[in-house]
Amino acid sequence: METRKVYLDHSATTPVAEEVLNAMMPFFTVGMGNPNSLHQWGRDARRAIDEARESVASLIGANAHEIIFTGSGSASDNLAVKGITWARKNAGKHIITSAVEHHAIMDTFKWLGKNGYEVTYLPVDEYCMVHPESLKEAIRDDTLLVSIMYANNEVGTVNPIEELGAICRERGVLFHTDAVQVAGHMPIDVTKLPVDMLTMSAHKMYGPKGIGALYIRKGIKLSPLVHGGGQEYGIRSGTENTPGIVGFGEAARLAVKLHDSGEENRISRLRDKLLDGIIERIPDSFITGHRIQRLPFHGSVCVRLIEGEGILLRMDYAGIGVSSGSACTSGSLEPSHVLLAMGLDHATAHGSVRLTLGKDTVDADIDYVLEKFPQIVDTLRKMSPYKGG
Ligand SMILES: Cc1ncc(COP(=O)(O)O)c(C=O)c1O
């Protein structure tokens, strides 16, 4: 009998939706013109990019000219942080982020920390939430930029971005948020949200890999990281990735359709069934991250005294794709910086498993995981010093 395949790693990446692929395909062949060319091939590609920019902008309530396409979520994060610190290098040397950021932000801040900037890393509580009070206390007269993620990729906790942004605005400090895990999954409206820059990535929302976007509020000047032909309003040179951009535009349209069809309710019900089922069936397991202020598709748990990697490998054998901590940190022996910042000890943090659902996940998938996961834990525990209790 063929094993069932259940992919529960949508925080790592999502499949390209059929309508997205169909929209992209012509731009590899007949629509291959360079969008900077003046002839009809070029003009057709330019039109397609303009339409995609409108679509990505409208997903978050922005104007099209406030969207810059980049090569990835990581590239957008780098552009936001390095672009501002470079453009305003005489305006202050203090920058603030949180202790649980994705490495695209975390390592950029560490690098700036070695290059003349003073960095404050805000702590999080046991649910991975950044508290507005700690931001208020950290902002100084020479604070140049604050970057705090909208939602955490490892444990799914959604930060109080509106409050955090309001504090920055009140103090006249620029505010960037990495919304890679949120865009396309929860409504975002930058006409109401006090953010100055916001990062998105297509491959987390049924678009292609290798295409990101940065929202930059009108009037904010960034220094480019890539100089050249002056594409993307001079902020990100390089011939545009037309198929990728078109795919991003279509993925943004799909996200609106999914939202209108009630996908957030559907997927969070399945996620809750999964999390409740795991906690009920597996002794000494607990949910990581916030139970309510959480991405609708995101589940994460810790199973005490077992290696998450061991679970991952056995789940894979049973046809189930999950990750242990973040896809980028798995493979390293150090437990995730996120779980440690939440106050978990090393041994417990090693037992973390992330299960993130997608638009094609159905009840039968969850039932299958709830059958296999406890069996796998039971087998691993029989081989470990675990004695229960
Ligand atoms: C919160 C967050 N930021 C940034 C990224 C990087 O995005 P990309 O893979 O498009 O570079 C990821 C990817 O996992 C992420 O989860």
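Below, the figures for the structure above:
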read-out	value
Candidates per trypsin sites (Lys or Arg not before Pro) in segment 141-212, loop by DSSP, up to 12 other Cβ within 10 Å	K192
Lysines with Cα under 19 Å of K382, excluding same-chain neighbours fewer than 8 positions away	K372
Å³ per residue enclosed by the Cα convex hull of segment 128-283	149 Å³
For the chain: relative contact order, % (alpha-carbon pairs under 8 angstrom, 6 or more apart)	23 percent
For R294, distant residues with modelled amide H under 5 Å away	V158
Members of K93/K204; K136/K359; K89/K136 lying beyond 28 Å, as alpha-carbon distances in this model show	K93/K204; K136/K359
Environment charge at S324 (Cβ cut-off 13 Å; Lys +1, Arg +1, Asp -1, Glu -1)	-4
222 nm mean residue ellipticity, helices alone, for the chain (DSSP H n ≥ 4; -39,500 (n - 2.57); rounded to 500)	-12000 deg cm²/dmol
For segment 37-54, Karplus couplings with θ = phi - 60° (6.51, -1.76, 1.60), whole Hz, Gly/Pro x	7, 8, 6, 4, 5, x, 5, 4, 5, 4, 4, 5, 5, 4, 5, 5, 5, 4
Straight-distance crosslink candidates among aspartates and glutamates, where the alpha carbon sits under 13 Å from K192 and sequence neighbours closer than 8 are dropped	E162, E163
FRET efficiency estimate (nearest 0.05) - Cβ-Cβ, T13 to D378, R0 25 angstrom	0.25
HN-Hα J in Hz across segment 204-217 - Karplus 6.51, -1.76, 1.60, θ = phi - 60°, x for Gly and Pro	8, 9, 6, x, x, 7, x, 9, x, 9, 10, 7, 10, 4
Rg/Rh ratio calculated on Cα atoms of the chain (Kirkwood radius)	0.99
Gaussian network model of the chain, Cα within-10 Å springs - most flexible of L38, L144, L274	L38
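Bear in mind these aren't lab numbers, they're just calculated from the coordinates by the rules spelled out. Given the structure is predicted, the values throughout are model-derived calculations rather than measurements. With ideal geometry, Cβ positions are generated from the backbone for all residues, glycine too; neighbour counts draw on all protein chains shown.
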